[in-house]
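Participant: Just dropping this structure here.
Since every read-out is calculated from the coordinates, none of them should be taken as a lab result. Bear in mind that the values here come from a model prediction, so they are computed numbers and not experimental data. FYI the Cβ positions are ideal-geometry reconstructions off the backbone, even for glycines, and counts take in every protein chain you see.
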Amino acid sequence: MLKKVVMIAALTLWVWGTPLMESAFAQATASVPAADAGDTAFMLIAASLVLLMTPGLAFFYGGFVRSRNILNTLMMSFVVMAIVGVTWILWGYSLSFAPGSPFIGGLQWLGLNGVGLETTGYLQGSKPADMVSYASTIPHQAYMIYQAMFAIITPALISGAIAERMSFRAYCLFVLLWSTLIYSPLAHMVWAKGGFLGLSGGLGALDFAGGTVVHISSGVSALVAAIVLGPRKTHPDRLSPPHNVPFILLGAGLLWFGWFGFNAGSALSVASVTSGKIVTNVATSAFVSTNTAAAAGALMWLILEASLRRKPTAVGAATGAVAGLVGITPAAGFVTPLAAILIGFITAFVCFYAVSFKHKLQVDDALDTYPVHGVGGTVGAILTAIFATTEVNTTGKDGVLRGNYGQILVEIAAVAVAYVIAAAGTWIILQIIDRTIGLRVREEAEYQGLDINEHGEEGYNSEFSDGINVSQ
């Protein structure tokens, strides 16, 4: 049966793909305006940095779980690189960025049909009419692959909430459905031409690099998933401490490093722009704001731990840095360095108490995905509306502190839309999966560990040689 499925899939791709490849080759040989070499190199490096964040996330999450679940946790990030890496080419990019309705992209770019090396003109014929390209100095495919890296890491973030209990098969199906039905519409509404929420013909919400599209969507979905799956069998009385704190610090360091591609890359160019007396370089501003907010977030978390618990921890420093990075994501290309310090401080402060509140609610969001990404993304979106200034980015908007009081209402509306779509969509997807193939592993497998039961291998090759008491 499996061989038949593979053969049918291969035949379908061959039949479908041949004319699409011919179209792509035709575009490559056609006369197109030359791409800027500097901007193209910058964007390809930025895409590589964003992809690096997914293995970084794997190590960050992997350090928190029990040692017998380390491979399963790493695989939950790694497999997304495989699944979304293919679906983005086949249909994800078209649904996210092709001209279509205000809520979802069209089908004209399926299989990258019409997505070649052209730098401009590929958005002609749709509104707003003056926007003919997403990034006029780089090849269309360079923009496409950069956006693919965002689509990869976003569902991987959700895995932190359902760690140590969700079936790997169910998770793979969830990633396939969620990235198509939740991520693509939100990305289109915020970043695509004519999207319902964004700056390009929409409500005008400011989301520079993914506060709503990435962090709120994944955080809210993680919370819903944790509730639907229910708690781990060891929650809350027999939870284990992180099994590998160096992994957590390594993961946080890789995330911090990769986040420069995430935020600075969202400028889509390294060029400076002069508008009247204002000279801006959005990539540089976003880079500086990213590092500043991460540092402020780590510092705030350590101060809170030292003040309230008398011992600043390595895990706290890593979590605070990630919280600061989440908070600055929607704001990075719109705010000053001083504003970035405040955003990092405020976001980490709120996330610190959100983690504590989550424990009181007894919701088993295993690795605090919602308190850090959902809450952090929400706080960051609101603070973007307060601190944004066109002195940093002339294509953006001024915020509340610059007299644009209505911007905060726009941001709240965008946040609300993201919450509703992520929560409702995730619940429906999980219900479908639960009623078809099931969501959770067997109770015995959960106690014994998902590495050996789901993957047939161990992370450290010691668990079963030493023996495991599966009743604990």
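Participant: How high is the relative contact order of the range 319-360, in percent, with contacts defined as C-alpha pairs under 8 Å that are six or more residues apart?
Facilitator: With pairs under 8 Å counted, the relative contact order is 49 percent.
Participant: Which one of Ala422, Gln147, Gly251 is farthest out on the positive end of the charge dipole of the chain, using unit charges on Cβ (Lys, Arg +1; Asp, Glu -1) and the Cα centre as origin?
Facilitator: Of Ala422, Gln147, Gly251, it is Ala422.
Participant: Report the relative contact order of the range 240-384, percent, no decimals, based on alpha-carbon pairs under 8 angstrom and at least 6 residues apart.
Facilitator: 25
Participant: Would you list Tyr183, Tyr353, Tyr143 from fewest to most Cβ contacts within 10 Å?
Facilitator: So the residues, fewest neighbours to most, are Tyr353, Tyr143, Tyr183.
Participant: While we're looking at this one, here's another question. Convert each backbone phi in the range 370-386 into a coupling constant with the Karplus relation 6.51 cos²θ - 1.76 cosθ + 1.60 (shift: θ = phi - 60°), then list the ³J(HN,Hα) values in order as whole Hz, x for Gly and Pro.
Facilitator: Along the range 370-386, the couplings run 5, x, 8, 8, x, 5, x, x, 5, 4, x, 5, 5, 5, 4, 5, 8 Hz.
Participant: Another question, if that's okay. Go through 128-140, 370-382 and give me the packing order, highest mean Cβ count within 10 Å leading.
Facilitator: Numbers: 128-140: 18.1, 370-382: 28.1.
Order by mean packing, descending: 370-382, 128-140.
Participant: Oh, and also: Using the structure shown, select from Lys311/Lys358; Lys358/Lys397; Lys193/Lys358 the pairs with a Cα to Cα distance greater than 30 angstrom.
Facilitator: Over 30 Å apart, Cα to Cα: Lys358/Lys397; Lys193/Lys358.
Participant: Where the centroid of each part is defined by its Cα atoms, how far is the range 394-438 from the range 313-384 in Å?
Facilitator: The range 394-438 and the range 313-384 have Cα centres separated by 16 Å.
Participant: Now for a separate question. Which listed residue (Ala286, Leu110, Ile182) has the Cα farthest towards the positive end of the charge dipole for the chain, taking +1 on Lys and Arg C-beta and -1 on Asp and Glu C-beta about the Cα centre?
Facilitator: Going by the Cα projections, it comes out as Ile182.
Participant: Hey, can you grab everything whose amide H is under 5 Å from the amide H of Ser101? Only 5+ residues off in sequence or another chain; H modelled, so Pro and N-termini drop out.
Facilitator: Under 5 Å from the amide H of Ser101: Gly106.
Participant: Determine, for His243, His215, His455, the number of other Cβ atoms within 10 Å of each Cβ, and report the residues in order from fewest to most. Present the calculation step by step, with values, prior to reporting the outcome.
Facilitator: Values: His243 18, His215 30, His455 15.
Lowest count first: His455, His243, His215.
Participant: Match the structure shown to one of the listed values [x] 72, 58, 46; [y] 74, 73, 45; [z] 68, 62, 35 of Cα extents along the principal axes in Å, computed from it, and give that label.
Facilitator: Only one option fits the structure, namely [z].
Participant: List the residues whose amide H sits under 5 Å from the amide H of Arg440, counting only those 5 or more places along or on another chain, with H placed 1.01 Å from N in the peptide plane.
Facilitator: Amide H neighbours of Arg440: Ser167.
Participant: From the phi of every residue in the range 416-425, what ³J(HN,Hα) in whole Hz does the Karplus formula 6.51 cos²θ - 1.76 cosθ + 1.60 yield, where θ is phi - 60° and glycine or proline is x?
Facilitator: 4, 4, 4, 4, 5, 4, 5, 5, 5, x
Participant: Rounded to the nearest 20 Debye, what is the dipole magnitude of the range 9-455 about its Cα centre when Lys and Arg each give +1 and Asp and Glu each give -1 at the C-beta?
Facilitator: Its charge dipole is roughly 780 debye.
Participant: Positive end of the dipole of the chain, charges at C-beta (+1 Lys, Arg; -1 Asp, Glu), about the Cα centre: which of Val80, Leu409, Leu302 has its Cα farthest in that direction?
Facilitator: Value computed over the given set: Leu409.
Participant: Further, regarding this structure: Extension gain Leu401-Val279, at 0.36 nm per residue separation less the Cα-Cα distance, in nm?
Facilitator: Roughly 41.9 nm would be gained on extension.
Participant: Additional query: Set the Förster radius R0 to 25 Å, insert the Cβ-Cβ distance between Arg309 and Leu361 as r into 1/(1 + (r/R0)^6), and round the FRET efficiency to 0.05.
Facilitator: E between Arg309 and Leu361, to the nearest 0.05, is 0.80.
Participant: So what is the relative contact order for the range 9-455, in percent, with contacts set as C-alpha pairs under 8 Å and at least six apart?
Facilitator: Over the range 9-455, the number comes to 21 percent.
Participant: Where the centroid of each part is defined by its Cα atoms, how far is the range 119-136 from the range 149-181 in Å?
Facilitator: The distance from the Cα centre of the range 119-136 to that of the range 149-181 comes to 33 Å.
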